[in-house]
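Working notes for the structure below.
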Amino acid sequence: MSEPELSPTGTRSPQRVARTLAVTSGKGGVGKTFFSANLAAALSRQGLKVLVLDADLGLANLDVVLNLYPKITLHDVFTGKAELDEAILPAPGGFSVLLAGSGLVEYSRLTPEVREQLLKIMETVTPRFDVLLLDTGAGISDVVLYALSLAHEIIVVATPEPTSMTDAYATIKVLAAQQGRENLHLVVNQVSRPGEGRAICQQLQQVVARFVQTPAGTPPKLNLLGDIPSDPSVREAVRKRTLVMELHPGSPSAIGVVQIATKLTTGR
């Protein structure tokens, strides 16, 4: 899948489709969904039309992060009870969301129906947005890997904790081997000091270069998008079920997300 060019102004030719970014993590609890939502808000502030698709089909919690109570979810679209347009909702922060129903066991594995429905939805929405963010589940289940395969780019979210780094490495290894991913983005959340994200990226890159190869025989390259400081503002925003970009736009964590969004759109 070729990567479309993206302008901060949101302008694109009629043939262009949304730049599709999948956000994933090796383990849960690293702030992946919270990051996805705030990244969407930061990109929207740059004038881009953004849709976040909750691709964590079995354990969805994007609705909780955004304090939304959807009457229609992806489950209703999958089962034909509602049209796709009815399930696309406005979210705080100026972007749109497609929410999945939580606790749906039938979507915890990749059936032909799930594969077909996800692909159909992607084909429908990508011409209508500048950026499509796929908030995937944690880990390397077949549903997660299929959702990741639909993205132009993948953002791996990790924290400085050893278990998170180990699981991030495992995810990178699978993506390189199974999908031939030669380039992956990395975001390090909950850092305690400046430069910690870069140090972790370098450490991961060294291990990846030594032990991981794509089918082409080359190790994947990790691109550090940025790090997000450990910040009491995040805990407050989570507790209040709102975006830190909205609650405390000048906080260190919000500034970190804005810097990541800027690097995504400008490369700097």
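The values are calculated or read from the model by the stated rules, or taken from the named source; none is laboratory data. Small disclaimer: the values here were computed from a predicted structure and weren't measured. Glycine gets a Cβ as well: all are built from the backbone with ideal geometry, and neighbour counts include every protein chain shown. All accessible areas refer to the heavy atoms of the entire protein, side chains included, with ligands and DNA or RNA removed. Shrake-Rupley method; radii C 1.70, N 1.55, O 1.52, S 1.80 Å.
Below, the figures for the structure above:
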item	result
Members of the stretch 16-55 found to be assigned to a helix (DSSP H, G or I) and polar (S, T, N, Q), listed by number	Thr33, Ser36, Asn38, Ser44
Matching residues, the stretch 57-67, being closer than 28 Å to Ile140 by Cβ and surrounded by fewer than 19 Cβ atoms within 10 Å (Cβ to Cβ)	Gly58, Leu59, Asn61, Val64
So Asn189, is it of a type outside the set (Gly, Ala, Ser) and within 15 Å of Pro220 (Cβ to Cβ)	no
Breaking point among (1) open to solvent by 10 Å² or more (accessible area, probe 1.4 Å); (2) at pLDDT 90 or above; (3) acidic (Asp, Glu), for Asp54	(1)
Selection count, the stretch 217-234, where residues are part of a strand (DSSP E or B) and of a type in the set (D, E, K, R)	2
Lone qualifier among Gln190, Gln259, Gln213 - being within 21 Å of Leu39 (Cβ to Cβ) and without any contact (Cβ under 8 Å) to a residue 40 or more places away in the chain	Gln259
Conditions (1) touching a residue at least 24 places away in the same chain (Cβ under 8 Å); (2) in contact with a strand residue (DSSP E or B) (Cβ under 8 Å, 6 or more places away or on another chain); (3) closer than 22 Å to Ala261 by Cα; (4) open to solvent by 20 Å² or more (accessible area, probe 1.4 Å); number of the one not met by Val97	(4)
Some residue of the stretch 70-81 being under 24 Å from Ala237 (Cβ atoms) and either assigned to a loop (DSSP other than H, G, I, E, B) or within 17 Å of the chain's Cα centre (by Cα) (or both)	yes
Any hit, the stretch 223-230, residues being among the charged types (D, E, K, R), crowded, with 19+ Cβ neighbours inside 10 Å and either closer than 19 Å to Val23 by Cβ or in contact with a Pro (Cβ under 6 Å, 6 or more places away or on another chain) (or both)	yes
Any chance Arg109 is in a helix (DSSP H, G or I), among the basic types (Lys, Arg), open to solvent by 60 Å² or more (accessible area, probe 1.4 Å) and touching a helix residue (DSSP H, G or I) at 6+ places or on another chain (Cβ under 7 Å)	no
Number of the condition not met by Thr214 [criteria: (1) of a type in the set (Val, Ile, Thr); (2) in a loop (DSSP other than H, G, I, E, B); (3) in contact with a Leu (Cβ under 7 Å, 6 or more places away or on another chain)]	(3)
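To keep it simple, each residue is scored yes or no on (1) polar (S, T, N, Q); (2) open to solvent by 60 Å² or more (accessible area, probe 1.4 Å); (3) within 28 Å of Gly101 (Cα to Cα).
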| residue | (1), (2), (3) |
| --- | --- |
| Val131 | no, no, yes |
| Leu134 | no, no, yes |
| Ile155 | no, no, yes |
| Val187 | no, no, yes |
| Gln206 | yes, yes, no |
| Phe211 | no, yes, no |
| Pro219 | no, no, no |
